[in-house]
Amino acid sequence: MSLLQPDMIVLDEHLLARYAEARAMDADTVERPVVAVVDHFADELLAAAASSGVRGFLPLSSTPAEVARVVVAAARGTPCWTRRCSRGSRRVARRRQARRNP
């Protein structure tokens, strides 16, 4: 593992938009799990999440146990989020599915 090729990426809502832009320009072509730590679920944020392959969502107020559960599940390839994020992340999953099956 190298610092330039991490096994997983954990992004806040500000870095998520930049990461999504890099993915759209094919600047980052390595597939890896992405977990987003967010304060709210705006449509722009959900679109950025869907385009960058987010597998997990965590609110800023997550407990250590919630963080561990979401990060481990995302690392194993299983989409996961806390209950507080489930409504927003369900929208992301629907958008991702719609992109795969136009």
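The values are calculated or read from the model by the stated rules, or taken from the named source; none is laboratory data. Because the structure is a prediction, the values reported are computed rather than measured. Cβ placement follows ideal geometry from the backbone for every residue including glycine, while neighbour counts extend to all protein chains displayed.
Within the range 57-95, which residues are assigned to a helix (DSSP H, G or I), at pLDDT 65 or above and of a type outside the set (G, A, S)?
Within the range 57-95, the subset assigned to a helix (DSSP H, G or I) is 64-75, 83-95.
Add one more test, that the residue is at pLDDT 65 or above, and what stays is 64-75, 94-95.
P64, E66, V67, R69, V70, V71, V72, R94, R95 - these are the residues of the range 57-95 that are assigned to a helix (DSSP H, G or I), at pLDDT 65 or above and of a type outside the set (G, A, S).
Please work out which residue is nearest to E13 (Cα to Cα), limiting yourself to the range 39-50 and to residues that are in a helix (DSSP H, G or I), out of contact with any Leu (no Cβ under 8 Å at 6 or more places or on another chain) and free of Cβ contacts under 8 Å to residues at least 40 places away in the same chain. Talk me through it step by step, then tell me what you get.
Of all residues in the range 39-50, those in a helix (DSSP H, G or I) come to 43-50.
If we keep only those that are out of contact with any Leu (no Cβ under 8 Å at 6 or more places or on another chain) as well, we get 43-44, 46-47, 50.
Pick out the ones that are also free of Cβ contacts under 8 Å to residues at least 40 places away in the same chain and you get 43-44.
Details: D43: 12, E44: 10 Å.
Step by step, filter the range 39-50, then rank; the result is E44.
Looking across the range 49-72, just one residue is crowded, with 21+ Cβ neighbours inside 10 Å, over 20 Å from R99 (Cα atoms) and touching a Gly at 6+ places or on another chain (Cβ under 9 Å), and that is V70.
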